[in-house]
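Have a look at the structure below before the remarks.
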Amino acid sequence: MAAGDAHDLRARYDAATADLEPPLAIIDMAAFRANADDLVRRAGDTPVRLASKSVRVRSLLEAVLQRPGFGGVLAYSLAEAVWLADHGVDDIVMGYPSVDRPSLRRIADEESLAAAITLCVDDVGQLDFLTAVLGPGHAVVRLCMDIDTSWRPLGLYVGARRSPVRSPAQASELAQEIKRRPGFRLVGVMTYEAQIAGIPDAGAAVRWMKSRSAREIDRRRRRVLDAISSDADLEFVNAGGTGSLEVSAAGDGVTEVTAGSGLFGPTLFDQYRTFRPVPAVAFALPVLRRPGPRTVTVAGGGYPASGPAGWSRLPTPYLPPGLRVLRTEGAGEVQTPLRGREADALSLGSRVWFRPAKAAEICERFLSVHLVEGDRVVATVPTYRGESRAFG
Ligand SMILES: Cc1ncc(COP(=O)(O)O)c(C=O)c1O
């Protein structure tokens, strides 16, 4: 970012939050809206299902669902899905299997919940578990089959360990088993290609891997869909994430794509070649002390993102520009020293703004986020945590 732009942005964020005490988190709403528009543009005519794990603020979820191009939620916890359905969200697909008995029992008992929530399965064992927990005579349960999309050249494994269902024959076997069981209906298929969506375009080798993998998934997904077509009346075929929208939306048979992180624009998405979300989420920490020249220490900061541990998962000092986390200390549990020429211009109590590595995990650290329009906070809304909800 140009120095003048960084100066203006910092002045704007400082002015908007001048009456608030850090630590605090903001969403820059102009950036958030621009990111939402860009996700829809990248998806073309394919509707975008919203990954709730990458938002974790109910009012923002609801606002995005009102925007043209978005439809439905991809939830990460069944308790979350039930909670969202209780608040009126009527199209929720689970992105992962669940063994949450109390939530499953609610689905068994309440037709409206069973109609709103689609469960994720990839194993006959899960069907057995569901059958045992749901009991006899339960409401018809909607199921989505998760398909393994990993790329396996020469015995390598490139991708996430998700579903064991890989081949058309395996998919067909599971579809037939679902059809045999009363009270279950296979309505969807999911092919989340983590190695395309979740890995930045760092060099030609990664880009080559992504294009080869996309081609392999495309062919196999078509064969899987053909293999289960006589045993399921599919309503949707889901694919993708923020990092793969163009590729996923163009996939043979895909009817919807998923995205979430692109709304917040965290640092892990700075390295993709085909798109660049605008940073929309930031948090401010106050300067507590000055251990020496060119160094300040701010409160808190140790909010690493999930995934393979390393520097890329730590929050990045953002504004003023030019500050960096010390290699020897990282981002600390209760304080974080920062070094850089800008440090000498910071006084006790002034703010340093950070960007998180991933999207909404940072919401687990704050009870609310402040929505910034221009140089004003226009609303303060609770995070999931602020609504006393912790879904993992
Ligand atoms: C099943 C599934 N779909 C989609 C996504 C993409 O989400 P996002 O756009 O937030 O990266 C993820 C992320 O992990 C996922 O697990």
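The values are calculated or read from the model by the stated rules, or taken from the named source; none is laboratory data. These numbers come from a predicted model, not from an experiment. Cβ coordinates were reconstructed from backbone atoms using ideal geometry, including for glycine residues, and neighbour counts include every protein chain displayed. Side chains are part of the model used for accessible areas, which takes the heavy atoms of the whole protein and leaves out ligands, DNA and RNA. Shrake-Rupley method; radii C 1.70, N 1.55, O 1.52, S 1.80 Å.
Polar (S, T, N, Q) and open to solvent by 40 Å² or more (accessible area, probe 1.4 Å): does that describe Ser347? Spelling it out, Ser347 is indeed polar (S, T, N, Q) and open to solvent by 40 Å² or more (accessible area, probe 1.4 Å). Among the residues making up region 362-378, those that are among the aliphatic types (A, V, I, L, M) and open to solvent by less than 50 Å² (accessible area, probe 1.4 Å) are Ile362, Val369, Leu371, Val372, Val377. For Thr258, the test of being under 18 Å from Pro320 (Cβ atoms) and either crowded, with 19+ Cβ neighbours inside 10 Å or small (Gly, Ala, Ser) (or both) is failed.
Only helices (runs of 4 or more DSSP H) wholly contained in region 75-119 count here; list those with 3 or more residues that are touching a helix residue (DSSP H, G or I) at 6+ places or on another chain (Cβ under 9 Å) and surrounded by fewer than 18 Cβ atoms within 10 Å (Cβ to Cβ).
Values: elements: 78-86, 101-109, 111-116.
By residue number, 101-109.
Can you find a residue in region 228-236 that is buried (at least 21 other Cβ atoms within 10 Å of the Cβ) and more than 13 Å from the ligand (Cβ to nearest atom)? The answer is yes; a qualifying residue exists.
In region 240-254, the residues that are outside the structural domain of Lys210 (by TED's automatic domain parsing) never reach a residue that is in a loop (DSSP other than H, G, I, E, B) and within 13 Å of the ligand (Cβ to nearest atom) with C-beta atoms less than 8 angstrom apart, at least six apart or across chains.
For region 341-392, please list each of the strands (runs of 3 or more DSSP E) lying entirely inside it that holds at least 2 residues being closer than 17 Å to Pro286 by Cα and of a type in the set (A, V, I, L, M, F, W, C).
Answer list for region 341-392: 351-355.
The single condition among (1) in a helix (DSSP H, G or I); (2) closer than 30 Å to Lys210 by Cβ; (3) open to solvent by less than 70 Å² (accessible area, probe 1.4 Å) that Leu154 does not satisfy is (3).
Filtering region 188-217 down to residues that are more than 16 Å from the ligand (Cβ to nearest atom) and touching a residue at least 60 places away in the same chain (Cβ under 8 Å), which residue is most open to solvent (accessible area, probe 1.4 Å)?
Of all residues in region 188-217, those more than 16 Å from the ligand (Cβ to nearest atom) come to 202-209, 211-212, 215-216.
With the extra rule that they be touching a residue at least 60 places away in the same chain (Cβ under 8 Å), the set shrinks to 202, 207, 212, 216.
Numbers: Ala202: 74, Arg207: 81, Arg212: 97, Glu216: 42 Å².
So, considering only residues that are more than 16 Å from the ligand (Cβ to nearest atom) and touching a residue at least 60 places away in the same chain (Cβ under 8 Å), the one most open to solvent (accessible area, probe 1.4 Å) is Arg212.
Residues are listed down the side, and each one gets a yes or a no for (1) open to solvent by less than 60 Å² (accessible area, probe 1.4 Å); (2) out of contact with any strand residue (DSSP E or B) (no Cβ under 6 Å at 6 or more places or on another chain):
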{"residue": "Val296", "(1), (2)": "yes, no"}
{"residue": "Ala305", "(1), (2)": "yes, yes"}
{"residue": "Pro317", "(1), (2)": "yes, no"}
{"residue": "Val325", "(1), (2)": "yes, yes"}
{"residue": "Arg341", "(1), (2)": "no, yes"}
{"residue": "Ala360", "(1), (2)": "yes, yes"}
{"residue": "Thr380", "(1), (2)": "no, no"}
